[in-house]
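This report concerns only the one structure given below.
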Amino acid sequence: MGYLFGMYRKLSRSFGGAFTGKSLDFGGSVLRPEATGYGLIYFLQSMLTHQNESLSDKTVAVSGAGNVARHAAAKALEEGATVVTLSDSRGTVHAGKGLDEKHLEAVARIKADGGGLDRLADDFDDVDHYQGERPWRFDCEVALPCATENELDEDDARRLLDNGCRWLAEGANMPCTAAAVAVFQDSEVFYAPGKAANAGGVAVSGLEMSQNSRRESWSAGEVDRRLRDIMERIHRQCLEHGGDDTRPDYLTGASVAGFQRVARAMLGQGII
């Protein structure tokens with residue numbers, strides 16, 4: 001398996017990214033690697049807009065250092081936020097004044113070489129590395145868990161509340177434990193589950209299939225526009241079923257909307 005993965009990486013580099021979504025010689029879609037991270041930010045922006053707020057000048061803590069985390073961080077920076085953390089299995093990096101594009105480019109290089117984020121702190125004086133720590137110990141207004149399942153537990157949730165977090169959107173699949181979700185649901189935090197917030201990757205997979213079946217290749221701007229529209233539509237569906245007042249229940253809204261969609265598909269296909 002290691003040999004095959006090594007050959008994959010060599011071929012990907014040799015063909016200018018043909019296997020990573022950067023080349024459309026064999027079908028596919030631009031923005032596929034960015035889709036989940038970008039979609040996460042678009043859903044978050046819809047949440048903020050509903051409360052007459054914006055992402056600009058918000059302090060954001062992100063976990064993870066892979067595709068989702070890096071692209072979510074990049075899009076958050078583009079929208080004017082201050083991203084202060086990334087993490088991996090070795091620990092967390094924190095930049096008090098915020099990470100920027102050069103930091104994210106360095107993270108991509110480090111991870112492509114199989115390195116840890118401690119190297120980022122070695123390369124940049126304005127970044128500190130905390131061995132074995134999670135991002136949730138640092139002050140933030142927005143938390144974006146983008147690493148792995150069950151990475152954020154009840155203690156982390158309470159720590160986030162103490163540190164001023166008001167918004168949390170899941171970029172990974174079920175990164176918050178059930179106990180952590182209960183803490184958020186009982187607090188003033190606006191909590192968005194991954195079944196809604198991280199749907200951008202699946203959404204662009206659907207756009208990818210549409211392009212392939214029609215033998216078309218849409219521009220990055222067109223794919224991005226459609227992705228934003230999809231995430232805004234998902235947000236509206238969450239409000240429809242979870243309440244659209246000042247305290248929407250995004251967990252209930254996403255669950256009911258998802259169930260109804262599956263039920264309608266089963267009825268339409270004659271399964272039930």
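Listed values for the stretch 251-266 are Karplus-derived 3J(HN,Hα) couplings in whole Hz (6.51 cos²θ - 1.76 cosθ + 1.60, θ = phi - 60°), namely 5, 5, x, 5, 5, 5, 4, x, 4, 5, 5, 5, 4, 5, 5, 5, and x replaces Gly and Pro. Here the chain is assigned +1 on the Cβ of each Lys and Arg and -1 on the Cβ of each Asp and Glu. Its dipole about the Cα centre then comes out at about 1240 debye. Normalised by the number of residues in the stretch 89-151, the average gap of Cα pairs under 8 Å and 6 or more apart makes the relative contact order 44 percent.
Among 225, 166, 261, the residue with the largest mean-square fluctuation in a Gaussian network model of the chain, with springs joining Cα atoms closer than 10 Å, is 261.
Determine the shape class of the chain: with a ≥ b ≥ c the square roots of the Cα gyration tensor eigenvalues, call it rounded for a/c under 1.5, and otherwise prolate if a/b is greater than b/c, oblate otherwise. In terms of gyration-tensor shape, oblate. Sorted largest first, the principal axis extents computed over the alpha-carbon atoms of the stretch 114-232 equal 50, 41, 21 Å.
Projecting the Cα atoms of 74, 183, 140 onto the dipole axis of the stretch 35-197, where Lys and Arg carry +1 and Asp and Glu carry -1 at the beta carbon, places 74 farthest toward the positive end. Each of 60, 127, 262 was scored by other Cβ atoms within 10 Å of its Cβ. Arranged with the fewest first, they read 262, 127, 60. Each Lys and Arg adds +1 at its Cβ and each Asp and Glu adds -1 at its Cβ; summed about the Cα centre, the stretch 35-197 shows a dipole of about 360 debye.
When a footprinting reagent is the concern and you count Cβ atoms within 10 Å, what order do 252, 36 take, fewest first? It would help to have the intermediate numbers written out before the result.
On the way: 252 15, 36 27.
Least crowded to most crowded, the residues run 252, 36.
If the chain linking residue 245 and residue 97 were pulled fully straight, counting 0.36 nm for each residue of separation and taking away their Cα-Cα distance, it would gain 49.8 nm. The helix-based estimate of mean residue ellipticity at 222 nm for the chain, built from -39,500 (n - 2.57) per DSSP H run of four or more residues and divided by its residue count, is -16000 deg cm²/dmol to the nearest 500.
Take every Cα pair under 8 Å whose residues are at least 6 apart in sequence, average their separation, divide by the length of the stretch 35-197, and the relative contact order is 21 percent.
For the chain, the relative contact order works out to 19 percent when only alpha carbon pairs closer than 8 Å and six or more residues apart are counted.
Can you sort 41, 234, 272, 110 so the residue with the fewest Cβ neighbours within 10 Å comes first?
Arranged by neighbour count, lowest to highest, 41, 234, 272, 110 become 272, 110, 234, 41.
Projecting the Cα atoms of 110, 99, 38 onto the dipole axis of the stretch 31-115, where Lys and Arg carry +1 and Asp and Glu carry -1 at the beta carbon, places 110 farthest toward the positive end.
Computed from the coordinates by the stated procedures, all read-outs in this text should not be read as laboratory data. What you see is a predicted model; the values in this text were computed from it and never measured. Note: ideal-geometry Cβ built from the backbone for every residue, glycine included; neighbour counts use all protein chains shown.
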